[in-house]
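Enquirer: Handing you this structure, nothing more for now.
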Amino acid sequence: MVEILVLIKQVPDTNAKIEIKDGKADLSMVKWITSPYDEYALEVALQHKEAVGGTVTALTLGPARCDKILKDAKALGVDNIARIDAPEGYLDSFSVQSMLAEACNSLGAEIIYCGKAAADTNAGSTGPGVAEKLGWPSVANVTNIIFGESSLELMQPSFEGQAKIGVNLPAVITCDKGMGEPRRANVKGIMMAKRANVDLIGVETVGGNTSVVGHASPPDKPPGKSFDGSEHVSTVVKLLRDEANVI
């Protein structure tokens, strides 16, 4: 029975408007959700279990508010939910990947799935970083998987269309869209998840060498320009070429 582990992250709602106060992002009124690509990773992990058997554990890192996305994962059908307890605030990629790798190792993971990138940073470094620290192979941006007992056959976008890749377990896979829409929880699953216990994983907090100095809103877009009449054609063409870079 394979030990399947899926990494999920709680992020601000992708439709949320983030306010900057005193040089920091104010997240006090933000709605928190599971990072969308991690929902695809959850779906893949559950499909893996359905194909060859095994146990699925959802793991996250963060404060107690992150239990919400773990309960959501439990409602979908994962077997176990676990959280590395970490305080509010910034942890750099090195720290996060080191702590996740230690927890994955302690949980006995044989295959790790995660989204190809988190919605808040879009860095795409967690999966490959965890794989590097574990010494495992990693395949990114996977769109389709054929599950085997001890190996996977993967499809991944390439410059020439689609690449077919084979990998033996253990491995880390980052998931893109392609394996079907993520399933939705039913009422029974939701009610059972409310009573589920979150296992707290104790790992040493790894300090990185980077920190966030401050946040700033993106600059306002400059006002648009309007031209009326054929005599402005040359001006419009020049602006499209020199400023908009579209011709």
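Enquirer: How many residues are within 17 Å of Glu110 (Cβ to Cβ) and within 20 Å of the chain's Cα centre (by Cα) when one looks only at the stretch 143-169?
Expert: Number of matching residues: 2.
Enquirer: Tyr90 - would you say it is buried (at least 20 other Cβ atoms within 10 Å of the Cβ), of a type in the set (Phe, Trp, Tyr) and touching a residue at least 12 places away in the same chain (Cβ under 8 Å)?
Expert: no
Enquirer: Looking for something within 20 Å of Asp176 (Cα to Cα), outside any helix (DSSP H, G or I), at pLDDT below 95 and not small (Gly, Ala, Ser) - is there at least one such residue anywhere in the stretch 122-131?
Expert: yes
Enquirer: Is it the case that some residue within the stretch 83-104 is in a strand (DSSP E or B), in contact with a Ser or Thr (Cβ under 8 Å, 6 or more places away or on another chain) and modelled with pLDDT of 90 or more?
Expert: Looking through the stretch 83-104, at least one residue is in a strand (DSSP E or B), in contact with a Ser or Thr (Cβ under 8 Å, 6 or more places away or on another chain) and modelled with pLDDT of 90 or more.
Enquirer: Give the residues of the stretch 173-210 that are acidic (Asp, Glu), modelled with pLDDT of 80 or more and loosely packed, with under 10 Cβ neighbours inside 10 Å, sorted by residue number.
Expert: If the condition is that a residue be acidic (Asp, Glu), modelled with pLDDT of 80 or more and loosely packed, with under 10 Cβ neighbours inside 10 Å, then Glu181 is the only one that fits.
Enquirer: State whether one or more residues within the stretch 147-170 are out of contact with any strand residue (DSSP E or B) (no Cβ under 8 Å at 6 or more places or on another chain), buried (at least 20 other Cβ atoms within 10 Å of the Cβ) and either of a type in the set (Ser, Thr, Tyr) or not in a loop (DSSP other than H, G, I, E, B) (or both).
Expert: no
Enquirer: I'm checking my understanding of the structure. Among residues of the stretch 41-79 that are without any contact (Cβ under 8 Å) to a residue 60 or more places away in the chain and in a helix (DSSP H, G or I), which one is farthest from Gln10 (Cα to Cα)?
Expert: Once the filter is applied, the top-ranked residue is Glu50.
Enquirer: If Glu110 satisfies every condition in (1) buried (at least 21 other Cβ atoms within 10 Å of the Cβ); (2) closer than 20 Å to Val130 by Cα but one, which is the exception?
Expert: Checking Glu110 against (1) buried (at least 21 other Cβ atoms within 10 Å of the Cβ); (2) closer than 20 Å to Val130 by Cα, the one that fails is (1).
Enquirer: Search the stretch 176-203 for residues that are in contact (Cβ under 8 Å) with a residue 24 or more places away in the chain and pair each with any residue that is part of a loop (DSSP other than H, G, I, E, B) and basic (Lys, Arg) when their beta-carbon atoms are under 8 Å apart and the residues are at least 6 apart or on different chains.
Expert: Listed pairs, sorted by first residue: Asp176/Lys116.
Enquirer: Quick check on Lys238: is it modelled with pLDDT of 80 or more and exposed (fewer than 10 other Cβ atoms within 10 Å of the Cβ)?
Expert: no
The values are calculated or read from the model by the stated rules, or taken from the named source; none is laboratory data. Just so it is clear, the model here is predicted, and its values are computed rather than measured. Virtual Cβ from ideal backbone geometry, glycine too; neighbours counted across all protein chains shown.
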